[in-house]
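Quick notes on the structure that follows.
The values are calculated or read from the model by the stated rules, or taken from the named source; none is laboratory data. As the structure is a computational prediction, the values presented were derived from the model and not from experiment. In this analysis, Cβ positions are derived from the backbone assuming ideal geometry, glycine residues included, and neighbour counts consider all displayed protein chains.
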Amino acid sequence: MPALFIGHGSPFNLIMDNPFTKDLRMLRDQLDKPKAIVLISAHWMTSGTQFTVDDRPKQIFDFYGFPKRLYDAKYEPRGDPGLAKDLVNALSNTNASVSNEWGIDHAATIPLIHLFPDANVPVVEMSLDMSLSPERHRQLGKTLSDFRDKGILFVGSGNLIHTFRELKQEWDTAPFDWAKDYDAMQWKAIEENSQETLVHFERDPISRRAFQTTEHYLPMIYILGMRRENDNLRCIHEGFQHGSISHRSFIFEE
């Protein structure tokens, strides 16, 4: 199976028909059906790496003050407790565990409601251990990449640029120049497989402008770690919402 990074953005992408969601639906027709999906979420931050273990993981509406129609957007897949335990075993030398205290948050529902709208593929959500360095996150991604050979689709869901300090009201407004430049630099590094540049992002001073915290960036680091020598890289979507939220999304596929 391939490995995907999806720049999920605003909860409104659950229901909007825009260039980003159209590209996700286009990708839907190009993907083989996986045995299960592991969704690495920017919205589940923990101490230790955790995996949802419920047979029916609950949907979590981790956003507030939005119109009712967003809370009516249901995504209720089956879980895969056996897979969750296998993932923990694969990370046996780390602080990894299963959990029934979380579920499917909007970092998961936004990509999956467009990619697999029938919710007919089991989903295990994976948390971010915020005590780990970016390099350690990359190493965990590399370890878990063996599951790609078992029919498991990995989806990292975050944003390569995610800041609320500089934000425009209109979702389809032109991006800030600095955001365009930083996005282009990131994409060049991904194309050239310059993992040092991407893992040590803090060396570029613009990174402090691009995100206040790193949780939306780290899911990409996992997918980067899953890249194989014979993988092909393809951009799924390139663009911004609100001027500074990058929806750059890409796929590694054999």
- Message: One residue is enough: does the range 135-145 have a residue meeting the conditions farther than 18 Å from residue 51 by Cα, polar (S, T, N, Q) and out of contact with any helix residue (DSSP H, G or I) (no Cβ under 6 Å at 6 or more places or on another chain)?
- Response: no
- Residue in the range 228-249 that is modelled with the lowest pLDDT, counting only those that are part of a strand (DSSP E or B) and either β-branched (Val, Ile, Thr) or surrounded by fewer than 24 Cβ atoms within 10 Å (Cβ to Cβ) (or both): 245
- Item | Counted residues, the range 142-170 - those being under 26 Å from residue 26 (Cβ atoms), in contact with a Lys or Arg (Cβ under 9 Å, 6 or more places away or on another chain), modelled with pLDDT of 95 or more and not in a strand (DSSP E or B) | 3
- Message: Please determine whether any residue of the range 229-249 is farther than 22 Å from residue 24 by Cα and either touching a residue at least 40 places away in the same chain (Cβ under 8 Å) or in contact with a strand residue (DSSP E or B) (Cβ under 7 Å, 6 or more places away or on another chain) (or both).
- Response: no
- Message: Out of everything in the range 55-96 that is over 16 Å from residue 112 (Cβ atoms) and of a type in the set (Asp, Glu), what residue ends up being surrounded by the most Cβ atoms within 10 Å (Cβ to Cβ)?
- Response: 86
- Out of 26, 1, 45, report the one residue that is more than 23 Å from residue 102 (Cα to Cα), surrounded by 13 or more Cβ atoms within 10 Å (Cβ to Cβ) and among the hydrophobic types (A, V, I, L, M, F, W, C). 1
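Among the candidates 46, 21, 52, which residue alone is touching a His at 6+ places or on another chain (Cβ under 9 Å) and of a type in the set (Val, Ile, Thr)? Lay out the reasoning, then the answer.
Working: 46 fails: touching a His at 6+ places or on another chain (Cβ under 9 Å); 52 fails: touching a His at 6+ places or on another chain (Cβ under 9 Å).
Selected residue: 21, the only one of 46, 21, 52 that is touching a His at 6+ places or on another chain (Cβ under 9 Å) and of a type in the set (Val, Ile, Thr).
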- Query: Can you spot a residue in the range 66-82 that is assigned to a loop (DSSP other than H, G, I, E, B), more than 20 Å from residue 145 (Cβ to Cβ), among the basic types (Lys, Arg) and out of contact with any strand residue (DSSP E or B) (no Cβ under 7 Å at 6 or more places or on another chain)?
  - Reply: yes
